[in-house]
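Enquirer: To start, I am sharing the structure in question, which I have written as structure tokens.
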Amino acid sequence: MMFNKKPLHGAIKLALAIGMAGVTFSAAGHPQAQSAGQDQTGASAGQSAKNQKKETTQLQTIVVTGSRLPSVTITASSPVTQVDAKQFKVTGTTSVDQLVNQMPQMSPYFDQFQNNGATGYPTADLRGLGTNRTLVLIDGQRVQAGSAFAVDLSQIPAALVKRVDILTGGASAVYGADAVAGVVNFVLNDDFEGLQFDYDMSGYQHDNRNKYMQGLETKAGFNAPNGNTGFDGKTRTADVIFGGKFAEGAGHAMGWVSVQKTDGVVQGSRDYSACALNVAGTACGGSGTAPTPNFYVFDHNFNGDLAHFDTATNKFVPGIGQTYNYAPLNYYQRPDTRVNVGTSIKYHVNDAFEPYMDFMYTHRRSEFQFAESGTFFGQTLSIDCAKDAALVGSLCTDLAPAYNLDTTQPLTVYVGKRNVEGGPRDTSATDDSYRAVLGAKGDINLNWSYNVAGVLGETTDTQVGTGDLLSDRIAPALMGCPAGSYSGCIPYNVWQPNGVTAAAAKNLQGTSLLQTRTRLMDFNGYVSGDFGYSLPWADGDPITLVAGTEWRKENFNFNADSNSQAGNFAGSGGPSLPLSGQISVRELYTEAGVPLVENVGVLKSLGLDLGYRYSHYKLSGSSNTFKIGFGSNFNDVFRIRGGFNRAVRAPNVSELFSTNQIQLFNGSDGCAGATPTFTAAQCLNTGVTAAQYGHVPDSPAGQFNQYTGGSQSLKPEKADTYTLGVAVTPMENMETSLDFYDIKIKNTIAAIGAQTILDFCATTGDSFLCNKVHRNPATGDLWLGQTGRVDNLTDNFGNLETRGLDLNASYKWSMLGGQARASLVGTRLLNYKVDPLPGVNSQAQYDCAGKISPGLACDNPKWRHIVNLSYSRDWWSVNVRWRYFGAVHYSNTDGSALTQDKLLAGSHQISAYNWLDLSGSFKLAKRVDLTVGVNNVTDRQPPLVGHTLVFNANTPGGYDELGRYFFSNISVKL
């Protein structure tokens, strides 16, 4: 065929056109694009030409993730787990986060299953230390952050990924700040030649058979899903990849276009998520802001409590009435559409000059849907029982005897009415991201080469929300629109059954507009090579050196409409205040590879990997990072590696500049309710008076107020990371490795945690903590309105340490005329120690390894693994995958057993989970391949937990959440 004999002129022209358009766009909008730069991962600059010149060796130099040193012998000192391109096919991956976040080293966060409080895009979190401590690279280059200060993985086209390197341990000496936990480096196939079409189709199917949940839903009067869900949550992805050589082979260009559409799935489609469980997990709970409203009523003597209107007696009666099941309307999987286009072009002018350019653009739209808004007990109403009788009906006369209310003075009333007449809250998030890389590399002389390049990236996120109520309209409408109310006010009659009209509901709603723009400019240049000097025992292998400089600036700008800035949306949890700032840093760095011993007995090689980086931040001052590692090779059978890295994480724009404000936190108040968990004396420590004890209203939704914000006095946090590992090749085609890691972070940039402050104030009475608790003086609560709160500001405070073991093994062999392969990737978590109050209260220390506890303080299984078994022969292959999630024990941070969640109280744990995945690949024709498969073959549903342990939809997260996952891919290569 023509494609085999001639360059792909059309494809190359299209790739060049995309690339030139990208450069033109970047240069027009941002002149800096012409001069920015950053390094390329892969072979050292000019190394191919150098290898041709050096006739003394046939070994090609390589550069691995975690170092820029070119070497033919030094074994990497840091452990790296690789995920190859084939795994993306056989696991049905349509986006890179689906596969990467299943790896045992990664925190199992799957953004598509998040709705309320979601980042809005997929991220990477290595070792559970946070996305802000995991550095994400594309071909060894930094990527701009998204609206949540973490890299948006949806920018990375899955069809173009050659492999993913997951490096554990600090890498700040090589890559700069943020590589505290390690690095996730996506290596793309920029040498692609030919033309390839891919089409993927995937979706979920579940058999609703959970009799326990169906029984609770039926008992509560809710819809209980039953039977087969059919094929839902479908994702369709189409990819076109094209590329080839031009200019008689001196140049290469490639490009891609990828389009993906994912359907939404609501929680009401699955029986285990169709209602929100209560704290104990024994009944369908929900919100006190209900369609039939609840009221909190008290007089000037603080007599009173919750009440509701009883339609059977046509009277207001004490106690909470209806609670609202907010779960069914919430998205379980958010709908999402995205378009990715990009190109990579390089041209070898001569050995001294090879310019290159990469460009990618992503347009993504994601939808959020939440239960209807409401009044959320957020407005303080003053009811004069004599004057307002026509408005509130019999409220005063019905409740006065029950609560001994003094009605001669106005009563204080809070209203919890769910705005079901107005429809759900919806948010549409649109992201536009581009990233351009320009650079050049080449040889300086026979021994030295250079690489100078830059990256300019920008992401704009626009969110438009509808359906939420405007707080400043609620009180006038509840009071019947008295004189002085806003123009166009329509009474919102909650005092009579079915008194709210659709017109009144719509009249209270507003539209929010939030926009975030982030930008990264990075220039990186370095030289690498050797002086021709080697140690006497190094068998002539010279000491190699890298010396470079980097300048980086990150901009963040957030703005919002006036109502959002004022916190005027009832369901927002607080104001969305403007935030703008930038971080800039200038750096010098160096690396050295020192071969110590080569070819001495069984010791084939022993070498050191050294590095140092000096960083000066404009706001945070200077920091020094360094590393020392070693790698050894015993006859290519036994290898030992290890190292120490000093890493840093600089504060981001939010941590530096965010304005102090009220926000919500999920948790519990041990001093609330008729039977508080804490004693009267303990609650007195938190500000609850003797008169209030036993009468503090509890939040039915488990959400409370906290006061958050940043500080420009923050300094970079420091981490010491240690790794030590052994790799063994006991026989041909068998490889095994075991690596130990220990990551210690001091003076973490973080907030103490509102729940920690509240609980330890109660139990210890520590003034440092108790001064941060401010209760509503009238009611003693921490959630009605915004008077009660817990101060939880960001500071350099706290320590964090995690240690563990990584096991990797693989073996391939011939069998029955074909090729078989088995592999294992597993992680053992030895500890995950959190010390939120160092030097203040040692009792606050806890270890999360193997535990799950309230408030999501812990959710860390000790052991996770993935086992793959594959067999290929002739035109077909099959793959079996076993994923394992270890048990997590339901215990407090001090190790004592918890009993509040009755679903876990019996066994005191979430048992271990196993999933079985199957797939098959078939060559239908010479250039046509088909892959089909199903993950979670047995349709294992996620574990159920009560409200205090919920990450999303009655489950702590990280488990397969929608049932069986069917997928197919057809690929045509020309």
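Enquirer: What residues qualify as long-range amide H neighbours of Phe569, i.e. H under 5 Å apart, gap of 5 or more or another chain, H built at 1.01 Å from N?
Expert: Ser471
Enquirer: Calculate I(q)/I(0) for the stretch 512-603 by the Debye formula, one identical point scatterer on each C-alpha and no solvent, and give its log10 at q = 0.14, 0.18 Å⁻¹ to two decimals.
Expert: Summing over Cα pairs of the stretch 512-603 leads to -0.70, -0.87.
Enquirer: Would you calculate, for the chain, the mean residue ellipticity at 222 nm contributed by helices, counting each DSSP H stretch of 4 or more residues as -39,500 (n - 2.57) and dividing by all residues, to the nearest 500?
Expert: On the way: 17 runs with 117 residues, N = 974.
It comes out at -3000 deg cm²/dmol, rounded to the nearest 500.
Enquirer: Residue separation times 0.36 nm, minus the C-alpha to C-alpha distance between Ala681 and Ala85: what's the value?
Expert: Details: separation 596, 0.36 × 596 = 214.56 nm, distance 6.05 nm.
Working it through step by step, the gained length comes to 208.5 nm.
Enquirer: What are the extents of the Cα atoms of the stretch 903-974 along their three principal axes, listed from largest to smallest and rounded to whole Å?
Expert: Dimensions of the stretch 903-974 along the principal axes of its Cα atoms: 58, 19, 12 Å.
Enquirer: Another question, then. How big is the gap, in Å, between the Cα center of the stretch 462-516 and the Cα center of the stretch 219-284?
Expert: One Cα centre to the other: 34 Å.
Enquirer: Turning to a different aspect of this structure: How about Lys618: which aspartates and glutamates have a C-alpha closer than 12 Å to its C-alpha, ignoring those fewer than 8 places off in the same chain?
Expert: Result set, ordered by chain and number: Glu554, Glu587.
Enquirer: Kindly give the semi-axes, whole Å and largest first, of the ellipsoid equivalent to the stretch 822-885, taking each as the square root of 5 times a Cα gyration tensor eigenvalue. Intermediate results must be reported in sequence, preceding the final value.
Expert: On the way: eigenvalues 342, 20, 9 Å².
Largest first, the stretch 822-885 gives 41, 10, 7 Å.
Enquirer: Considering only the other residues whose Cβ falls under 14 Å of the Cβ of His616, what net charge follows from Lys and Arg at +1 and Asp and Glu at -1? Numbers along the way, then the final one.
Expert: Values: positive: Arg552, Lys553, Arg586, Arg613, Lys618, Lys715; negative: Glu550, Glu587.
Computed value for this residue: +4.
Enquirer: Output wanted: per-residue J couplings in Hz (rounded whole) for the stretch 930-943, from phi through Karplus 6.51 cos²θ - 1.76 cosθ + 1.60, θ = phi - 60°, x for Gly and Pro.
Expert: Once rounded to whole Hz, the list reads 10, 10, 10, x, 9, 9, 6, 4, 7, 6, 5, 7, x, x.
Enquirer: Let's test the formula: R0 of 56 Å, r as the Cβ-Cβ distance of Asn314 and Val464. What FRET efficiency results, to the nearest 0.05?
Expert: E between Asn314 and Val464, to the nearest 0.05, is 0.85.
Enquirer: Take the Cα radius of gyration of the stretch 230-270 and divide it by 2.2 N^0.38 Å, with N its residue count; two decimals is plenty. All intermediate terms of the calculation are to be shown ahead of the outcome.
Expert: Values: Rg = 19.0 Å, N = 41, 2.2 N^0.38 = 9.0 Å.
With N residues counted in the stretch 230-270, Rg over 2.2 N^0.38 Å equals 2.11.
Enquirer: Could you run the Debye sum over the Cα atoms of the stretch 743-898, one equal point scatterer each and no solvent, and tell me log10 of I(q)/I(0) at q = 0.14 Å⁻¹, two decimals?
Expert: The calculated log intensity ratios at q = 0.14 Å⁻¹ are -0.81.
Enquirer: May I pose another question? If we sort 699-710, 857-868 on the protection proxy, mean other Cβ atoms within 10 Å, highest first, what's the order? Kindly include the intermediate steps, with their values, before the conclusion.
Expert: Working: 699-710: 21.7, 857-868: 20.0.
Taking the mean over residues of other Cβ atoms within 10 Å, the ranking is 699-710, 857-868.
Enquirer: When you count, for each residue, the other Cβ atoms within 10 Å and take the mean per peptide, how do 833-842, 569-578, 118-127 rank with the highest first?
Expert: Values: 833-842: 17.1, 569-578: 20.2, 118-127: 23.2.
Taking the mean over residues of other Cβ atoms within 10 Å, the ranking is 118-127, 569-578, 833-842.
Enquirer: Right, next: Under a plain spin-label model, where a point goes 7 Å from the Cα along Cα-to-Cβ, how far apart in nm are Glu193 and Leu513?
Expert: 5.2
Enquirer: Using a Cα-Cα cut-off of under 20 Å, which lysines could be cross-linked to Lys219, ignoring same-chain neighbours fewer than 8 residues away?
Expert: Lys211, Lys902
Enquirer: Moving to a separate point now. If R0 is 41 Å, what FRET efficiency do you get for Arg236 and Lys746 from their C-beta distance, rounded to 0.05?
Expert: FRET efficiency, Arg236 to Lys746: 0.30.
Enquirer: Still on this structure, I have one more. Taking other Cβ within 10 Å of each residue's Cβ, how do Lys973, Lys441 sort, fewest first? Walk me through the numbers on the way to the answer.
Expert: Values: Lys973 14, Lys441 25.
Listing Lys973, Lys441 from fewest to most nearby Cβ atoms yields Lys973, Lys441.
Enquirer: With r defined as the distance between the Cβ atoms of Leu869 and Asp939 and R0 fixed at 30 Å, what FRET efficiency is calculated, to the nearest 0.05? Mind showing how you got there, number by number?
Expert: Numbers: r = 21 Å, r/R0 = 0.70.
After rounding to 0.05, the efficiency reads 0.90.
Enquirer: Applying a 10 Å radius around every beta-carbon, put 483-489, 762-768 in order of their mean neighbour count, most first. Can you show the working numbers first?
Expert: Working: 483-489: 10.0, 762-768: 17.1.
The most tightly packed comes first, giving 762-768, 483-489.
Enquirer: Another question about this same structure. Give me the percent of Cα-Cα pairs in the stretch 816-974 that sit more than 23 Å apart, rounded to a whole number. Numbers along the way, then the final one.
Expert: On the way: 6667 of 12561 pairs.
The answer is 53 percent, as a whole percent.
Enquirer: A further question follows. Quick one: Karplus J couplings for the stretch 627-643, per residue in order, coefficients 6.51, -1.76, 1.60, θ = phi - 60°, nearest Hz, x for Gly and Pro?
Expert: Here the 3J(HN,Hα) series is 8, 9, x, 9, x, 9, 9, 10, 6, 6, 10, 10, 10, 10, 9, x, x Hz.
Enquirer: How high is the relative contact order of the stretch 357-427, in percent, with contacts defined as C-alpha pairs under 8 Å that are six or more residues apart?
Expert: Details: 74 pairs, mean separation 38.1, N = 71.
Result for the stretch 357-427 is 54 percent.
Enquirer: Could you pull the Rg and Dmax for the stretch 214-324, using just the Cα atoms, both in Å?
Expert: Over the stretch 214-324's Cα set, Rg and Dmax evaluate to 27.5, 91 Å.
Enquirer: Where does the stretch 142-237 land on Rg/Rh, using Cα atoms and the Kirkwood Rh? Before the final figure, lay out each step's value.
Expert: On the way: Rg = 21.9 Å, Rh = 18.4 Å.
Computed over Cα atoms, the ratio is 1.19.
Enquirer: Based on the alpha-carbon gyration tensor of the chain, what equivalent-ellipsoid semi-axes (square roots of 5 times the eigenvalues) come out, in whole Å, largest first? Write down the numbers at each step before the final one.
Expert: Values: eigenvalues 580, 179, 158 Å².
Computed over the chain, the values are 54, 30, 28 Å.
Enquirer: So what does the Cα-only Debye profile of the stretch 674-795 read at q = 0.10, 0.12 Å⁻¹, as log10 I(q)/I(0), no solvent term?
Expert: -0.49, -0.59
Enquirer: Sequence neighbours fewer than 8 away in the same chain don't count; with that in mind, list the lysines whose C-alpha is under 18 Å from Lys772.
Expert: Within the straight-line limit of under 18 Å, Lys772 reaches no lysines at all.
Enquirer: Distance check, please: which entries in Lys715/Lys851; Lys387/Lys506; Lys627/Lys851; Lys89/Lys923 exceed 24 angstrom between their Cα atoms? Present the calculation step by step, with values, prior to reporting the outcome.
Expert: Working: Lys715/Lys851 31 Å; Lys387/Lys506 28 Å; Lys627/Lys851 33 Å; Lys89/Lys923 14 Å.
Cα-Cα > 24 Å for Lys715/Lys851; Lys387/Lys506; Lys627/Lys851; rest within.
Enquirer: In nm², what is the average projected area of the convex hull enclosing the Cα atoms of the stretch 865-954? Numbers along the way, then the final one.
Expert: On the way: hull surface 32.4 nm².
Averaged projected area of the stretch 865-954's Cα convex hull equals 8.1 nm².
Enquirer: Between Ser605 and residues 5 or more places away or on another chain, which pairs have amide H atoms under 5 Å apart, with H built 1.01 Å from N, and which residues are they?
Expert: Correct list: Asn599, Asn633, Asn635.
Enquirer: Let me ask something else. Taking 0.36 nm per residue of sequence separation and subtracting the Cα-Cα distance, how much length would be gained by fully extending the chain between Trp448 and Ala925, in nm to one decimal? The partial results should precede the final answer.
Expert: On the way: separation 477, 0.36 × 477 = 171.72 nm, distance 4.73 nm.
Length difference between fully extended and current span is 167.0 nm.
Enquirer: Which value in Å does the Kirkwood hydrodynamic radius of the stretch 726-832 take, with 1/r averaged over all unlike C-alpha pairs and then inverted? Intermediate results must be reported in sequence, preceding the final value.
Expert: Details: mean 1/r = 0.0535 Å⁻¹.
For the stretch 726-832, the Kirkwood estimate is 18.7 Å.
Enquirer: Over the alpha-carbon set of the stretch 620-724, divide Rg by the Kirkwood Rh and report the Rg/Rh ratio to two decimals.
Expert: Details: Rg = 24.7 Å, Rh = 19.0 Å.
Computed over Cα atoms, the ratio is 1.30.
Enquirer: Same structure, new question: Would you mind computing the Rg to Rh ratio of the stretch 324-425 from its alpha-carbon coordinates, Kirkwood style for Rh? Show your work: numbers first, answer last.
Expert: Values: Rg = 30.0 Å, Rh = 20.0 Å.
Ratio of gyration radius to Kirkwood radius for the stretch 324-425: 1.51.
Enquirer: What ³J(HN,Hα) values, in whole Hz, does the Karplus curve 6.51 cos²θ - 1.76 cosθ + 1.60 give for the stretch 758-769 when θ = phi - 60°, with x put for Gly and Pro?
Expert: Going residue by residue, I get 5, 5, 7, 4, 5, 7, 10, x, 4, 5, 4, 7 Hz, with x marking Gly and Pro.
Enquirer: Take the Cα gyration tensor of the stretch 282-367, multiply each eigenvalue by 5, square-root it, and list the three semi-axes largest first, rounded to whole angstrom. Working shown, then result.
Expert: Working: eigenvalues 830, 53, 18 Å².
Square roots of five times the eigenvalues give 64, 16, 10 Å.
Enquirer: Using every pair of alpha-carbon atoms in the stretch 461-522, split the distances into 5 Å bins beginning at 0 and state the percent of pairs per bin, rounded to integers.
Expert: Calculated over all Cα pairs of the stretch 461-522, the distribution is 4, 16, 22, 16, 12, 8, 6, 5, 4, 3, 2, 1, 0 percent.
Readers should treat all values here as calculations from the given coordinates under stated rules, not as data from a laboratory. For clarity, every value in this text was computed on a predicted model and none was experimentally measured. Don't worry about glycine lacking a Cβ; one is built from the backbone with ideal geometry, like all the others, and counts go over all protein chains shown.
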